[in-house]
Every structure is written in C-alpha cells, then in structure tokens.
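Okay, structure first, notes after.
Quick note: the coordinates plus some simple rules give every number you see, no bench work behind them. Computed from a prediction, not measured in an experiment: that's the story for all the values here. Don't worry about glycine lacking a Cβ; one is built from the backbone with ideal geometry, like all the others, and counts go over all protein chains shown.
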Amino acid sequence: MIDLALLAAGGQVLKDTHAAFKKVQEIKQNSELCDLLEKILDLRQTVLDAKHEIVDLRTELAELRKRKETDDRLDFDSKIGVFFMREDVSRLAYCTKCWKKDGNLVPMTASDRGYICSVCDSNYKNPDYVYPSC
Ligand SMILES: [Zn+2]
C-alpha cells in the first residue's frame, strides 16, 4: 500500500532537487558569463593598447617622413660642417649636431670666423677665415 504522505514528500523532494539543480545551473551560467565578461574586458584592453600603439606609430612615421623631406632639402657643406637649405638664397646655416641629434633645424649666428649654435654652443669654423696678424 502506498503511503500518500510519503509519496507527497517524495514529490516535494523531487521539486526541491529540481529547483536546486536549476539554481546550480544559473550559478554555473553566471560564473561562465563572468569568465566571458572578463575575457571580453581583456580583449577590449588589448584592442585599446593596439589602437594607442597604432596612433604612436603613425605619429612617429609622420615625424620621420617630415624629417626625411627636410633632410632631402638640405645641402651639407663638408668644408665648414654645417647644413644649408638648398632653396634658401640667404644661405642661412643650420647646426649639424642639433639636426642629427634631435631633428631640430637650428639657424646659427654667422660671423667671418664661422657659425655658432645658440642651442648646443657648437662652433663651426670657417676654414677660409684669415686671422689678423699681430
Ligand atoms: Zn646646435
């Protein structure tokens, strides 16, 4: 003979077990969602880092191109050791040291004796200058 109370209790146990199983599934899904969210955030950071690197590289490339264009317009005077801008009729001299070190075109102060850089204090002597005799 089946005990109805026992049968009802068994049914309740099944319902509770099913509810607990559903709860475990939800927790598991939430945990998996958390893992996926963490991976998405990691990937997002990777993409942001890559974008920053691309911007930095594009900036560096633009600077290098600009420097190359300027470099192509310069003539080096090996006698004095300074640069002149090819199309510049005023023959303004630029410091070789500053150009090679930082890519800065620094116009120099000219005298009969040569040129002096106001940034790095380099002194470029004019080999044709004749010092006055005493
Ligand atoms: Zn200089």
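Within the stretch 15-23, can one find any residue that is free of Cβ contacts under 8 Å to residues at least 60 places away in the same chain, loosely packed, with under 10 Cβ neighbours inside 10 Å, among the β-branched types (V, I, T) and more than 16 Å from the ligand (Cβ to nearest atom)? So far as the stretch 15-23 goes, no, none of its residues is free of Cβ contacts under 8 Å to residues at least 60 places away in the same chain, loosely packed, with under 10 Cβ neighbours inside 10 Å, among the β-branched types (V, I, T) and more than 16 Å from the ligand (Cβ to nearest atom).
Looking at the structure I just gave you, is E53 part of a helix (DSSP H, G or I) and either in contact with a Phe, Trp or Tyr (Cβ under 6 Å, 6 or more places away or on another chain) or surrounded by fewer than 10 Cβ atoms within 10 Å (Cβ to Cβ) (or both)?
On the way: part of a helix (DSSP H, G or I): yes; either in contact with a Phe, Trp or Tyr (Cβ under 6 Å, 6 or more places away or on another chain) or surrounded by fewer than 10 Cβ atoms within 10 Å (Cβ to Cβ) (or both): no.
It is false that E53 is part of a helix (DSSP H, G or I) and either in contact with a Phe, Trp or Tyr (Cβ under 6 Å, 6 or more places away or on another chain) or surrounded by fewer than 10 Cβ atoms within 10 Å (Cβ to Cβ) (or both).
Annotation: of all residues in the stretch 81-129 being touching a residue at least 40 places away in the same chain (Cβ under 8 Å) and closer than 17 Å to T70 by Cβ, the one that is surrounded by the fewest Cβ atoms within 10 Å (Cβ to Cβ) is G103.
Screening the candidates K97, K39, K68 for the property of being within 16 Å of the ligand (Cβ to nearest atom) and in a helix (DSSP H, G or I) yields one hit, K97. Across the stretch 100-129, the qualifying residues are those that are touching a helix residue (DSSP H, G or I) at 6+ places or on another chain (Cβ under 8 Å) and closer than 15 Å to L74 by Cβ, and the one among them that is nearest to the ligand (Cβ to nearest atom) is V106.
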